[in-house]
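In what follows, a structure is listed as structure tokens, so that the remarks can point back to it.
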Amino acid sequence: MKTESKKEYDLIVIGAGSGGLAAAQRAAEHKQRVAIVEMDQLGGTCVNRGCIPKKIYWYAAEFAYDMRYSSTLGFEAGDFKHNWHILQRASKEYIEKLNETYRNNLTQKNIDIIYGKAHFENPKKIKVGKEELEAGQIIIACGAAPIVPDIPGAEFGITSDGFFELTNRPKKTIIVGSGYIAVELAGILNALGSDVKLLARKNSILRKFDQSIQSTVIDYLVESGVEVSLNTNVLAINKDNSQLLVETDKEDYSSVDTLLWAVGRKPSISDLGLERTKITRDKNNFIQVNRYQTTKDPGVHAIGDIVGNHELTPVAIAAGRALSDRLFGGKENERLEYENIPTVIFAHPPVGTVGMSEEEARAAHGNKVKTYEANFVSLRHSLTGISSKAMVKLVCLGTEEIIIGCHIVGQGADELLQGFAVAIKMGAQKKDLDNTVAIHPTLAEELVTLR
């Protein structure tokens, strides 16, 4: 600790999202004097405009899907209605509680919270408004923001940031994008009663995921009522009173209430003053770091979405904790390993995936790869009349059949994936799953009975 001055710290963290909060609190646990700078709400994208409100809305959508098909199990739900305002209020009230929890946790750990925009003066000093702060170590954890394309009328659309501010459920929505955000929000709106069209520029959706996931999710989207249009480019958007006219290279869509852009995210680096450091960026402006999360300036580090490597909340948290343990906890080789990171797409049903896709594995290992896959209508969907099939898949390597990929689409995939991720992290082989007694009747049993 350099001094008791409030302007000098051992660590300054720029950005109080999930990664920044984790790094700051872990450093404080190592008895360091810490400041965290935030220009918006504590918790970052995940808590305020991402994972948390998304999951709350997803729960509502799951209830809606259940009610839609409940008559096959003897329920007389009738013409049920959903109140968007109550859902929105419940979400915001929960987020407010989380914001307060974060404030209390930071205060209890004697971490200074400084609100405002940070700007580098040099690699050891930042400025927030008129206040100058110095530290031996600085972590950049500013996150990323949605991209809005440069086409005529793009400003008439909203992004995922604006989705949770909608005061009413739009009757007719176009979602432009093909990644997990586009798929998740399409499912939510469709379940809650909106007419939803999903426009993707390429020949599939979820292109970073295994091909079997892509085709299975498309089947579920289409059967649930989402119109999926592939190889479609939006050319312009025009507004007539409250309605939008969306022009594409295939056809035009009129009387659209809401257009939502979900075409990617960009790092939040504007006005950070990075030119006053040795920090380098890649072609997409993400900050470049080594495997220990350190930039070209040895005292400046970056974690989370701003580095563009697995843009997931648990990744940012793990990277932040590992970094603070290395810098202040005496663990000089501590770092996050970016292999075999599990992730879930909260579609309907959810998607779980960890490790390599079949396509990635074959590109890397050729004919040493063997896959096992099952596609089937689940018991639940058999009863409700849904014909789209659940999918489980293992990607294995070599004669020992080490599992290097696991992919699941089906009810409960979000919860069951974690255990399989642990097994894969520990080097599980296909025979280990074969030798495990199945739990019946479940989706999970399919993974230990694959042949």
Next item on the list: Among the residues of the range 12-34, write down those that are buried (at least 24 other Cβ atoms within 10 Å of the Cβ) and either of a type in the set (A, V, I, L, M) or over 14 Å from the mean Cα position of the chain (by Cα) (or both).
Entry: ILE12, VAL13, ILE14, GLY15, ALA16, GLY20, LEU21, ALA22, ALA23, ALA24, ALA27, VAL34
Note to self: Being outside the structural domain of VAL395 (by TED's automatic domain parsing) and touching an Asp or Glu at 6+ places or on another chain (Cβ under 8 Å) is true for just one of LYS202, LYS239, LYS197, LYS208. Which residue is that?
What the structure shows: LYS197
Margin query: Considering only the range 121-130, I want to know if a residue exists there that is modelled with pLDDT under 95 and in the same structural domain as GLN41 (by TED's automatic domain parsing).
Written below: yes
Check: Could you count how many residues in the range 105-145 are within 22 Å of ASN284 (Cβ to Cβ) and of a type in the set (A, V, I, L, M, F, W, C)?
Finding: 8
Margin query: Looking only at the range 116-130, how many residues end up being exposed (fewer than 14 other Cβ atoms within 10 Å of the Cβ) and under 16 Å from GLY44 (Cβ atoms)?
Written below: 1
Check: Hey, any hits in the range 64-81 for a residue that's at pLDDT 95 or above and aromatic (Phe, Trp, Tyr)?
Finding: no
Check: Would the range 323-335 turn up any residue that is over 18 Å from ILE36 (Cβ atoms) and among the hydrophobic types (A, V, I, L, M, F, W, C)?
Finding: no
Margin query: Can you find, within the range 268-323, the residue that is surrounded by the most Cβ atoms within 10 Å (Cβ to Cβ) among those that are among the small types (Gly, Ala, Ser) and outside any loop (DSSP other than H, G, I, E, B)?
Written below: GLY304
Margin query: Condition (residue is touching a Phe, Trp or Tyr at 6+ places or on another chain (Cβ under 8 Å), touching a residue at least 24 places away in the same chain (Cβ under 8 Å) and within 30 Å of GLY136 (Cα to Cα)) applied to the range 98-107: is it met by at least one residue?
Written below: no
Item checked: Any chance LYS171 is out of contact with any Leu (no Cβ under 8 Å at 6 or more places or on another chain) and among the basic types (Lys, Arg) -> yes
Next item on the list: Select from the range 178-220 the residues that are more than 15 Å from the chain's Cα centre (by Cα) and among the hydroxyl-bearing types (Ser, Thr, Tyr) and list them in ascending order.
Entry: SER194, SER204, SER212, SER215, THR216, TYR220
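The values are calculated or read from the model by the stated rules, or taken from the named source; none is laboratory data. Predicted, not measured: the structure shown is a model, and the values here were computed from it. Note: ideal-geometry Cβ built from the backbone for every residue, glycine included; neighbour counts use all protein chains shown.
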